[in-house]
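Working notes for the structure below.
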Amino acid sequence: QVQLVESGGGLVQAGGSLRLSCAASGSIFSINTMGWYRQAPGKQRELVAEIVSGGSTNYADSVKGRFTVSRDNAENTVYLQMNSLKPEDTAVYYCATTAKTAPWTSPFIYWGQGTQVTVSS
């Protein structure tokens, strides 16, 4: 099994910044994609940003130019730097990773417990 532990959420005023961290641990053979999703009340969970092992990134249009995803492969950790935050960024942010626990296993998506980000206007 793979465990994901997130940190860094909180309350911030519009225009402010927050940095989320997510560390993966457990029976990890390899990790491919690491990323962040978010879910606002009454809405579906959506991709915010992801980064693959080679460093390529993908962002939701709504956060391009404001959020930056990065990772430390040696520490199996992914970060999300969020700048110029808006009230509409308020949501529970979930870390996710696609990982294999052994060479013969298929990749599986693991999820963190979520961390609340609240942006006040």
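Which values, in whole Å and largest first, are the semi-axes of the equivalent ellipsoid of the chain obtained as the square root of 5 times each eigenvalue of the Cα gyration tensor?
Gyration-tensor ellipsoid for the chain: 26, 14, 12 Å.
Which distance in nm do the two modelled labels at residue 32 and residue 121 give, with both placed 7 Å along the Cα-to-Cβ direction?
Label-label distance for residue 32 and residue 121, simple model: 4.1 nm.
Order these peptides, 69-77, 101-109, by their mean beta-carbon neighbour count within 10 angstrom, highest first.
By packing density, highest mean first, the sequence is 69-77, 101-109.
In Å², and per residue, what accessible area does region 30-121 have when probed at 1.4 Å with the other protein chains present?
52
What part of the accessible area of the chain, given as a whole %, is carbon or sulfur when the probe is 1.4 angstrom? It would help to have the intermediate numbers written out before the result.
Details: 3040 of 6300 Å².
It is 48 percent, rounded to a whole number.
The values are calculated or read from the model by the stated rules, or taken from the named source; none is laboratory data. All figures in this text were calculated on a predicted structure; none of them were measured in a lab. We place every Cβ from the backbone using ideal geometry, glycine too, and count neighbours over all the protein chains shown. Just the protein is used for accessible areas: all its heavy atoms, side chains included, with ligands, DNA and RNA removed. Shrake-Rupley method; radii C 1.70, N 1.55, O 1.52, S 1.80 Å.
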